[in-house]
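Undergrad: Quick one: this structure, given as structure tokens, is what I'll be asking you about.
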Amino acid sequence: IVTNITDYGSFVELEDGIEGLVHISEMSWTKKNVHPNHLLSSSEKVEVMVLEIEEDKRRISLGIKQCMENPWESFNKEFKVNQEIEGEIKNITDFGIFVGLKGDIDGLVHLSDISWDGNGDELIKNYIKGSLAQAKILDIDVEKERISLGIKQLKEDVTATEIDNIRKGSTVTCTIAEITENGLGVSVGDNLKGFIKKNDLSR
């Protein structure tokens with residue numbers, strides 16, 4: 001029975017005169033930055049797991065989340081790297097997009113994984129919190145409770161494909177994109193850019 005709720009956790013009575021502490025970090029797998037009184041109520045009956053008994057300090061450490069299925073492990077069993085998923089955009093930050101996934105957990109699309117050739121800082125402005133986003137799973141780290149997602153990986157890297165088709169000594173047709181004192185900036189195809197030094201313009 002929950003007997004007292006503090007800023008750092010909750011005291012639970014196991015038997016008459018015997019209480020243990022459920023630290024805030026052991027209450028929920030996914031709700032990390034919330035006050036314990038948002039998760040528990042006084043006099044509530046809860047199921048706990050004994051994590052540690054320190055007889056000399058007369059202290060018992062308890063856990064609530066250990067009595068529930070670990071959503072990160074469940075996700076790892078059901079989904080695989082390179083699998084495509086869809087989820088609601090939960091939050092947009094300076095470094096990426098958080099997408100809600102099964103089990104009330106979030107995956108992160110880093111700025112660098114939004115587009116192959118676009119500017120992530122600019123492209124992130126096209127996404128809206130609450131809308132759906134498709135992505136590919138890049139990595140699942142159960143221990144660190146972290147899932148990495150990528151949007152650009154849903155499409156082939158056209159730039160890389162074009163580079164693979166070009167070999168040293170190949171003759172290609174290019175478009176002059178910029179003229180400078182040191183040479184010419186050119187574009188090859190839709191995505192490749194290059195530079196011809198002034199000394200290489202003529203023999």
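Undergrad: Which of the numbered conditions does residue 95 fail, given that it passes all the others? Conditions: (1) more than 30 Å from residue 128 (Cα to Cα); (2) among the aromatic types (Phe, Trp, Tyr); (3) open to solvent by 80 Å² or more (accessible area, probe 1.4 Å).
TA: Of the numbered conditions (1) more than 30 Å from residue 128 (Cα to Cα); (2) among the aromatic types (Phe, Trp, Tyr); (3) open to solvent by 80 Å² or more (accessible area, probe 1.4 Å), the odd one out for residue 95 is (1).
Undergrad: Something else: Where the second residue is open to solvent by less than 100 Å² (accessible area, probe 1.4 Å) and the first is among the hydroxyl-bearing types (Ser, Thr, Tyr) and lies in segment 119-135, which pairs have Cβ atoms under 8 Å and are six or more apart or on separate chains?
TA: Cβ pairs passing all conditions: 127/89; 127/92; 127/97; 127/133; 131/88; 131/89.
Undergrad: Let me ask something additional. State all residues of segment 77-91 that are open to solvent by 50 Å² or more (accessible area, probe 1.4 Å), part of a loop (DSSP other than H, G, I, E, B) and not charged (D, E, K, R); if no residue qualifies, say none.
TA: Result: 81, 82, 83.
Undergrad: Shifting gears a bit: Can you find a residue that is touching a strand residue (DSSP E or B) at 6+ places or on another chain (Cβ under 9 Å), among the charged types (D, E, K, R) and under 25 Å from residue 104 (Cβ atoms) anywhere in segment 1-24?
TA: The answer is no, given that none of the residues of segment 1-24 is touching a strand residue (DSSP E or B) at 6+ places or on another chain (Cβ under 9 Å), among the charged types (D, E, K, R) and under 25 Å from residue 104 (Cβ atoms).
Undergrad: Hey, another quick one. Give me a count of the residues in segment 102-111 that are open to solvent by 20 Å² or more (accessible area, probe 1.4 Å) and touching a helix residue (DSSP H, G or I) at 6+ places or on another chain (Cβ under 9 Å).
TA: If we filter segment 102-111 for residues that are open to solvent by 20 Å² or more (accessible area, probe 1.4 Å), which is where we start, we get 102-104, 106, 108, 110-111.
Now restrict to residues that are touching a helix residue (DSSP H, G or I) at 6+ places or on another chain (Cβ under 9 Å): 102-104, 110-111.
Qualifying residue count, segment 102-111: 5.
Undergrad: If you don't mind, there's one more thing I want to ask. Can you tell me which of 94, 56 is over 20 Å from the mean Cα position of the chain (by Cα) and assigned to a loop (DSSP other than H, G, I, E, B)? Write out each step before concluding.
TA: On the way: 94 fails: over 20 Å from the mean Cα position of the chain (by Cα).
So the residue among 94, 56 that is over 20 Å from the mean Cα position of the chain (by Cα) and assigned to a loop (DSSP other than H, G, I, E, B) is 56.
Undergrad: Another question about this same structure. So which residues in segment 167-187 are part of a strand (DSSP E or B), of a type in the set (A, V, I, L, M) and closer than 15 Å to residue 200 by Cβ? Before the answer, list the steps.
TA: Within segment 167-187, the subset part of a strand (DSSP E or B) is 175-180, 183-187.
Of the ones still in play, those that are also of a type in the set (A, V, I, L, M) are 176-177, 179, 184, 186.
Result: 176, 179, 184, 186.
The rows are residues; the columns are (1) open to solvent by less than 70 Å² (accessible area, probe 1.4 Å); (2) in contact (Cβ under 8 Å) with a residue 24 or more places away in the chain.
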| residue | (1), (2) |
| --- | --- |
| 1 | no, yes |
| 15 | no, no |
| 19 | no, yes |
| 24 | yes, no |
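Undergrad: If the requirement is being of a type in the set (S, T, N, Q), open to solvent by 50 Å² or more (accessible area, probe 1.4 Å) and free of Cβ contacts under 8 Å to residues at least 60 places away in the same chain, which of these qualifies: 61, 42, 74? Steps first, answer last, please.
TA: Details: 61 fails: open to solvent by 50 Å² or more (accessible area, probe 1.4 Å); 74 fails: open to solvent by 50 Å² or more (accessible area, probe 1.4 Å).
Just one listed residue meets the conditions, 42.
Undergrad: Within segment 26-39, how many residues are surrounded by 15 or more Cβ atoms within 10 Å (Cβ to Cβ) and outside any loop (DSSP other than H, G, I, E, B)?
TA: If we filter segment 26-39 for residues that are surrounded by 15 or more Cβ atoms within 10 Å (Cβ to Cβ), which is where we start, we get 26-29, 36, 39.
With the extra rule that they be outside any loop (DSSP other than H, G, I, E, B), the set shrinks to 26, 36.
Number satisfying all stated conditions: 2.
Undergrad: Taking segment 113-156 as the search range and keeping residues that are assigned to a loop (DSSP other than H, G, I, E, B) and at pLDDT below 90, which one is most open to solvent (accessible area, probe 1.4 Å)?
TA: Checking each candidate, the answer is 155.
The values are calculated or read from the model by the stated rules, or taken from the named source; none is laboratory data. All of these numbers come straight from a predicted model, not from anything done at the bench. Here the Cβ is made from the backbone with ideal geometry for all residues, glycine too, and neighbour counts use every protein chain on show. These accessible areas exclude ligands, DNA and RNA; they are computed on the full protein's heavy atoms, side chains included. Shrake-Rupley method; radii C 1.70, N 1.55, O 1.52, S 1.80 Å.
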